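Below is one structure; the comments refer to it alone.
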Amino acid sequence: MVKFETTETTVICSKINNKDDTIIVFFDFLKLYYLIFTMSEIGDIIKKIASQVDTVTTFAAIVTDNEIKEVDGKKEYAVTVRKLANVGQEYDNLQTELDSSYKSDSVNTKDNDKSNIDPTRKSNFKIEYKNVRLKSTINDINQGLIIIPKLGSWVLVSVIDNISSKLFISQFSEIDSILVKIDKSLKPNASNDNEEPEYFEVDFNANTFDMKFGDLFETHINKEQFNIKFLQPKENDENSPQKILSEVNYVKDNLYITFLDDDEKPRATVHADQENLNVSFLENEEETLATKLNKEKVTIEVADGCTAVIEKDKASITTNGGTEEISIDKNTGVTLKSGSNINIDASGSVTISGSSVNIN
């Protein structure tokens, strides 16, 4: 064995058998000696590097404002968050500040009532960051995926390019709503005059669901109703109001379908429930023809005209407010009723027969 002794350490190597082995062991010893000699400086190097990193890349925070605001007609997809020095009581105080009805699970406060917060305690943990991004750009058009966190929920906030003023939400614990918008990009050589830009947009939360497909239709759904509007595509003027061509609305076992004219006035309507089906045609919002169906009968009414009623065992057609009537009854036969004249005009013979014929 060969033993090397220095002031720093003792190195024991295996037996050296030849000259080449001697050189290898010698250089390994030099490397080890250099490492040991410089070890005392590594701590200083780490401290120096750490002192240069003055921005935490990701930290946990609470959402204190999730309202999407508009600036110059554009929505700013950003929120305000608050960083807590520690969780515990500060979290409970913050939740109470956001919602006066909040009750903590902890028992160290009398009756768990924390509606009164010490203002001095608030100032100790109120480290707020505004304009924390929900997407890559704050005030761009609402494209892509936008997740809006729930007020008072935990989020992870990350820093962009180590600039503390540029922050974005990287993870969510609770979600208030989600917005998804996908644009169909125009072909590079396509003319804007010949090809309409298309997009698909979905905006939903726990209570409502809204969907748009370009300028063609839009849908709104909540726990009480389902609504679809079919739209007339916009012309060259993007600021022109969108006209509704037809609308479908379902509300608590009632289905409504409306067809509109160029002035968005109804020209035909359909109403159906579990018992009835009504179809109407209108002109200048005045009903011109109405059809009513249920399990008992079918009624067709023409404005200022005839009314036809068909039931299981009989049918009738009336006009002039009921003064003129033709009725067919399973039990009583055929009845002709007129307030003026009854004319029979035939190119052939007319035969009236029966067990008895009464002419008054």
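Within the range 229-249, restricting attention to residues that are surrounded by 14 or more Cβ atoms within 10 Å (Cβ to Cβ) and closer than 25 Å to residue 144 by Cβ, the residue that is modelled with the lowest pLDDT is 234. Just need a number here: residues in the range 250-285 that are among the charged types (D, E, K, R), within 23 Å of residue 233 (Cα to Cα) and either in contact with a strand residue (DSSP E or B) (Cβ under 9 Å, 6 or more places away or on another chain) or not assigned by TED's automatic domain parsing to the domain that holds residue 297 (or both). So the count comes out to 4.
Put simply, of 284, 276 the only residue that is closer than 30 Å to residue 245 by Cα and modelled with pLDDT under 90 is 284.
Could you please let me know if residue 210 is at pLDDT 90 or above and under 30 Å from residue 255 (Cα atoms)? Spelling it out, residue 210 is indeed at pLDDT 90 or above and under 30 Å from residue 255 (Cα atoms). Is there any pair linking a residue in the range 170-181 that is aliphatic (A, V, I, L, M) and surrounded by 13 or more Cβ atoms within 10 Å (Cβ to Cβ) to one that is at pLDDT 90 or above and not in a strand (DSSP E or B), with Cβ under 7 Å and at least six apart or on different chains, and which? Filtered contacts from the range 170-181: 175/150. When residue 261 is tested against (1) modelled with pLDDT under 95; (2) closer than 20 Å to residue 225 by Cα, exactly one condition is not met: (2).
The values are calculated or read from the model by the stated rules, or taken from the named source; none is laboratory data. This is a predicted model, so every value here is computed, not measured. With ideal geometry, Cβ positions are generated from the backbone for all residues, glycine too; neighbour counts draw on all protein chains shown.
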